[in-house]
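Below is one structure, written out as structure tokens; comments come after it.
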Amino acid sequence: MKISNEICFSEEVNSYKVDDEINIYAQTIATVEEGKTAIYIHGGGSGGNHTMLVRPAKWMIEKGMFSKFILPDRRGEGLSTPLTKKLTIKDHAIDMKKLLDVLGIEEKITAIGLSYGGPI
């Protein structure tokens, strides 16, 4: 647990096998309170990853907007499986859906995207 402005966060980072040949690396930041969950998808081209979203995700938790954030590295970015072909926005969206399935997220959540992450 990390404490920021008296809010306790649990933080977990893992690589999740979402398909036979696809692993998505993601960080989960959460508080102990029940509330809304969001997936926050980063933008950026080559070299982008979830770490650019940690600070704004914590800020939104501190403001009471959400209690849990899932911050994935898109395939081909960060520590997720490298690209073997050019992916479409739909391909990335399917990866995110598979990640949510593996995480057991069945309730409605909010999807937020930065730059290229927006249309995903």
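The values are calculated or read from the model by the stated rules, or taken from the named source; none is laboratory data. Remember, it's a predicted structure, so these values are computed and weren't measured experimentally. Heads up, the Cβs are rebuilt from the backbone with ideal geometry, glycines too, and the neighbour counts pull from every protein chain shown. Accessible surface is based on the protein model in full, side chains and every heavy atom, while ligands, DNA and RNA are left aside. Shrake-Rupley method; radii C 1.70, N 1.55, O 1.52, S 1.80 Å.
The table for this structure:
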{"quantity": "Probe 1.4 Å - accessible area at Y116, Å² to nearest ten", "calculated": "80"}
{"quantity": "Fluctuation leader among G48, G35, G104 - the chain, Gaussian network, Cα springs under 10 angstrom", "calculated": "G104"}
{"quantity": "Relative contact order %, the chain, counting alpha carbon pairs below 8 Å whose residues are six or more apart", "calculated": "30"}
{"quantity": "Given K86/K108; K58/K98; K68/K97; K17/K85; K17/K90; K36/K58, the pairs whose alpha carbons are separated by over 22 Å", "calculated": "K86/K108; K58/K98"}
{"quantity": "Gaussian network model of the chain, springs between alpha carbon atoms under 10 Å - residue of I61, I70, I94 with greatest fluctuation", "calculated": "I94"}
{"quantity": "Principal-axis tilt of helix 89-102 within the chain, Cα atoms, nearest 10 degrees", "calculated": "50"}
{"quantity": "Global form of segment 14-78, assessed from the alpha-carbon gyration tensor, a/c cut-off 1.5", "calculated": "oblate"}
{"quantity": "Given [x] 57, 30, 24; [y] 40, 34, 31; [z] 44, 26, 23, the label whose value is Cα extents along the principal axes in Å derived from this model", "calculated": "[z]"}
{"quantity": "Inter-label distance, nm, simple model (7 Å from Cα along the C-beta direction), I105/W59", "calculated": "2.1"}
{"quantity": "Longest exposed-site-free window of the chain, the sites being GluC sites (Glu not before Pro) in a DSSP loop that have at most 15 other C-beta atoms within 10 Å", "calculated": "35-105"}
{"quantity": "Most fluctuating residue given options K68, K85, K108, as computed from a GNM of the chain linking Cα atoms under 10 Å", "calculated": "K85"}
{"quantity": "T84 paired with N14, simple spin-label distance in nm, labels 7 Å along Cα-to-beta-carbon", "calculated": "2.4"}
